[in-house]
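Derivation of every value follows stated rules applied to the coordinates shown; laboratory data play no part. Given the structure is predicted, the values throughout are model-derived calculations rather than measurements. Quick reminder, even Gly has a Cβ in these numbers, built from the backbone with ideal geometry, and neighbours come from all protein chains shown.
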Amino acid sequence: MHIRLSVNGKIHEIDADPEMPLLWALRDLLKLKGTKFGCGGGFCGACTVHLNGAPVRSCQLPLSRLAGMPVTTIEGIGSSELGTRVQKAWQDLDVPQCGYCQSGQIMAAAALLATEKHPTDDQIDAFMSGNLCRCGTYVRIRSAIHQAAGGGSK
């Protein structure tokens, strides 16, 4: 089926099954490899992207449910001032260890900061709890979110 997607500010026309998860359309059809496959069940957060500004698990979102809403991936998050701040904080604080989960972590962090300008540690921990990091960089992730919020690293 012919499907029209708005990804990172560009319109893409693809032929795909409407039930194909967005993750596979991004990775396999659009060749945007930054969004990662983690668990396939929506539990780990590695595949997090923004749909109309809200964080979603792309491994669980069929193309048929996009209804023309804009998608932002890790490749496009840096086009916003907030996304740039989050990415810079991640670099400044050397957040990634293996880095596999970090695109999902950054996407979730940007979504948090879009709604909560200066989150507390408890707010960060609650919001980010669905994004798993096997390397355990949670303390650096929290510090980077504080830095991106303008509060310096804690």
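Would you work out which of Leu5, Leu26, Gly53 lies farthest towards the positive end of the dipole of the stretch 2-75, given +1 charges on the beta-carbon of Lys and Arg and -1 on that of Asp and Glu, about the Cα centre? Sorting the options by dipole projection puts first Gly53. Each of Pro70, Met107, Trp90 was scored by the projection of its Cα onto the charge dipole of the stretch 45-115, and the greatest displacement toward the positive side belongs to Pro70; charges sit on the C-beta of Lys, Arg, Asp and Glu. The structure-derived value of mean projected area of the Cα convex hull in nm² appears in the list [x] 9.7; [y] 8.2; [z] 8.8 under the label [y]. Helical content alone sets the calculated 222 nm signal of the chain at -9500 deg cm²/dmol, taking -39,500 (n - 2.57) per DSSP H segment of four or more residues and averaging over every residue.
Tabulate in residue order the Karplus-calculated ³J(HN,Hα) for the stretch 57-70, using 6.51 cos²θ - 1.76 cosθ + 1.60 with θ = phi - 60°, rounded to whole Hz; enter x for Gly and Pro. So the J values, rounded to whole Hz, are 8, 5, 6, 10, 9, x, 3, 4, 9, 6, 6, x, 6, x. In plain terms, the chain from Phe43 to Met69 could stretch by 7.1 nm, reckoned as 0.36 nm per residue minus the Cα-Cα distance. Among Thr35, Thr120, Thr72, the largest mean-square fluctuation in a Gaussian network model of the chain (Cα springs under 10 Å) belongs to Thr120.
Only Lys, Arg, Asp and Glu carry charge here, each on its Cβ (+1 for the first two, -1 for the last two); on that basis the chain has a dipole of about 200 debye about its Cα centre.
Given +1 at the Cβ of Lys and Arg, -1 at the Cβ of Asp and Glu and no other charges, the dipole of the stretch 2-75 around its Cα centre is 240 debye to the nearest 20.
Among all the aspartates and glutamates, which ones have a C-alpha under 19 Å from Lys31's C-alpha, if same-chain residues fewer than 8 places away are not counted? Within the straight-line cut-off, Lys31 pairs with Glu13, Asp15, Asp17, Glu19, Glu75.
Only Lys, Arg, Asp and Glu count, each charged at its Cβ (+1, +1, -1, -1), so figure out the dipole size of the stretch 77-148 about its Cα centre, rounded to 20 debye.
So the magnitude is around 140 debye.
Exposed loop sites, defined as GluC sites (Glu not before Pro) outside DSSP H, G, I, E and B with at most 16 other Cβ atoms within 10 Å, are absent from the longest region of the chain, namely 20-115. A Förster radius of 35 Å combined with the Cβ-Cβ distance from Asn52 to Asp122 puts the calculated FRET efficiency at roughly 0.85.
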